[in-house]
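Notes for the one structure printed next.
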Amino acid sequence: MNNKILVTGGLGYIGSHTTVELINQGFQVIIVDNLSNSEISVLDNIKKITGVRPKFYEFNLTDSSKTEECFKENNFDAVIHFAAFKSVSESVKFPLKYHENNIKSLENILESMRIYEIKYIIFSSSCTVYGQPDKLPVNENAPFKKAESPYAETKQISEKIIQNFIGDNNRFSAISLRYFNPVGAHSSSLIGELPKGVPENLVPFITQTAAGKRDRLVVYGDDYNTHDGTAVRDYIHIEDLSNAHIAALDRLLNFNNEIPYEYYNIGTGIGYSVMDLIKSFEKVNNLKLKYNISVRREGDIEKIYADIKLSKKN
């Protein structure tokens, strides 16, 4: 096989797991990551798992000249674009930071794809593009509702940019994968979710609290219209999510896509509340977690889970 794949944000949580699976499937991986929310040690752990140390570039993809130089030096067959800021709550505080980083980096990648005629891109999108859906489970035909955060807005805008790019350049193809909530770690335990600072996502907050790294867990809101008042999400294991990228890549490289721009929900189709996860963790590990109930976090939606018929079919 030996197709050469650019993985942006390849040392991050989702990017590192997908890199491992790509290497295991025989792809040659080149990583770009600015280490803003990752560690260089992940590169060593990827080698420990796979026996391969991917070629690595450290820079920010908002730098157009460095982005183009990377494309010039490598004859990529496809791009998987993860690199982006991803905190909903931080994006509410710093919207310009999110727009500049998330959108500019994508624009630079697409421009370099155009210059060097790289035909395929898989984009790391999000279920946040749906806002608070009118109907659950939400399927891919649901319209984009008003974005509840600047982060969500950058994903909506990015998908539209890709769609317009494909429309103007019919020799290119793209797949956007709309993630729900990735959780878990690689079976080797060598890579997983270890965000810098206080975790924004629930599961690392739970595990760090259980390990004594955090004094207590914060539950943001218990007055939602859900079965126990806490927000409901669709949690998918990180290795299943990684495999979804391999399937999407194979679909593009083997010309199996039905239209130039496709998009899929990647979830389990089942919704669980914050308290469901806390109670399940306590039961499995035979312990009690300390937690406080706080006010709702700005930018969060009440409940969402996926209709996954389309992704299972294709």
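Only the coordinates and a few stated rules stand behind these numbers; no lab work does. This one's a predicted model, so the numbers in the text were calculated from it and none came from an experiment. Glycine gets a Cβ as well: all are built from the backbone with ideal geometry, and neighbour counts include every protein chain shown.
So the values come out like this:
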| read-out | value |
| --- | --- |
| Förster radius 41 Å - calculated FRET efficiency between residue 56 and residue 295 (Cβ-Cβ, nearest 0.05) | 0.50 |
| Largest-first principal axis extents, alpha carbons of segment 1-160, Å | 46, 32, 29 |
| Amide proton proximity set for residue 303, modelled H, under 5 Å, gap of 5+ | 232 |
| Average Cα contact separation per residue, the chain, under 8 Å, 6 or more apart, as relative contact order % | 20 percent |
| For the chain, calculated [θ]222 nm from helices alone, where every DSSP H run of n ≥ 4 adds -39500 (n - 2.57) | -12000 deg cm²/dmol |
| FRET E, pair residue 96, residue 211, Förster distance 45 Å, beta-carbon r, rounded to 0.05 | 0.80 |
| Average projection area in nm² (convex hull over Cα atoms of the chain, one quarter of hull surface) | 15.4 nm² |
| Residue 217 long-range amide H proximity, modeled H, under 5 Å | 290, 291, 292 |
| Normalised contact order of segment 258-314, rounded percent, pairs of Cα under 8 Å and 6 or more residues apart | 64 percent |
| Estimated FRET transfer efficiency (residue 41, residue 284; beta-carbon r; R0 45 Å; 0.05) | 0.95 |
| Length gained when the stretch residue 168-residue 198 is fully extended (0.36 nm per residue, less Cα-Cα span) | 6.6 nm |
| Distant-in-sequence amide H partners of residue 83 (H built 1.01 Å from N, under 5 Å) | 8, 9 |
| Residue-span extension gain [residue 259 to residue 65] - 0.36 nm each, minus C-alpha spacing | 66.7 nm |
| Label point distance in nm, residue 48-residue 188, each placed 7 Å from Cα along Cα→Cβ | 0.8 nm |
